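Below is one structure, written out as structure tokens; the observations come after it.
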Amino acid sequence: PKIVAEHKGRIVFVDFWATWCGPCRMGMEAMESVKEKLLERGVDFVYITDTSSESNEWTKYIRKHAGDHYIVPKEKVEAMQIPDYENAIPHYLIYDREGKLAKTNVGWPGLEEMMQELEKVK
């Protein structure tokens, strides 16, 4: 909630990922192709990984993917009370402009489906 509150009036796309996770990296790359359009629409991107991601690899990814990036100790991720989180990544949360959770998704559903979900959020 604290991170989402920093994006008041914006749609917030939260991506829980790791550098070693193939589907996570695939999703991040796919979203890059539509990121500019989504930013113009008022979508902010937040990326959160835990310390299982190697810091050198993490640094490479945050340079390539604009947004707010957080690397959090594993025990703190568990304490975050992430909606519908079952210790599986990628895990996505989409919040509306009022900061209310609009959608959760476990696993990369593909670009078309993710865009459809984002289009539903006002």
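The values are calculated or read from the model by the stated rules, or taken from the named source; none is laboratory data. On a predicted model such as this, the values are computed, not experimentally measured, just so you know. Every residue, glycine as well, gets a Cβ built from its backbone with ideal geometry; the counts of neighbours run over all protein chains shown. These accessible areas exclude ligands, DNA and RNA; they are computed on the full protein's heavy atoms, side chains included. Shrake-Rupley method; radii C 1.70, N 1.55, O 1.52, S 1.80 Å.
Taken together, the residues in the range 9-29 that are under 14 Å from Tyr61 (Cα atoms) and either crowded, with 16+ Cβ neighbours inside 10 Å or in contact with an Asp or Glu (Cβ under 9 Å, 6 or more places away or on another chain) (or both) amount to 11.
Checking the stated criteria, Ser53 turns out to be polar (S, T, N, Q), in a loop (DSSP other than H, G, I, E, B) and under 25 Å from Leu111 (Cβ atoms).
Need the failing condition index for Thr59 against (1) assigned to a helix (DSSP H, G or I); (2) of a type in the set (Ser, Thr, Tyr); (3) open to solvent by 60 Å² or more (accessible area, probe 1.4 Å), just the number. It is condition (3) that Thr59 fails.
Take Val12 and decide whether it is within 16 Å of Gly99 (Cβ to Cβ) and either assigned to a helix (DSSP H, G or I) or in contact with a strand residue (DSSP E or B) (Cβ under 7 Å, 6 or more places away or on another chain) (or both). Against the criterion (within 16 Å of Gly99 (Cβ to Cβ) and either assigned to a helix (DSSP H, G or I) or in contact with a strand residue (DSSP E or B) (Cβ under 7 Å, 6 or more places away or on another chain) (or both)), Val12 qualifies. Would you say Ser33 is touching a residue at least 40 places away in the same chain (Cβ under 8 Å) and open to solvent by 30 Å² or more (accessible area, probe 1.4 Å)? When the stated conditions are applied, Ser33 passes them.
Return a yes/no flag: does the range 53-73 have any residue that is touching a Gly at 6+ places or on another chain (Cβ under 9 Å) and at pLDDT below 95. The answer is no; no qualifying residue exists.
Is it the case that the range 95-110 has a residue that's surrounded by 12 or more Cβ atoms within 10 Å (Cβ to Cβ), assigned to a helix (DSSP H, G or I) and among the acidic types (Asp, Glu)? No, the range 95-110 contains no residue that is surrounded by 12 or more Cβ atoms within 10 Å (Cβ to Cβ), assigned to a helix (DSSP H, G or I) and among the acidic types (Asp, Glu).
Confirm whether Val121 is among the aliphatic types (A, V, I, L, M) and open to solvent by less than 30 Å² (accessible area, probe 1.4 Å). Yes: the conditions hold for Val121. The residue that is farthest from Phe13 (Cα to Cα), among those in the range 62-89 that are free of Cβ contacts under 8 Å to residues at least 12 places away in the same chain and either among the small types (Gly, Ala, Ser) or part of a loop (DSSP other than H, G, I, E, B) (or both), is Ala79.
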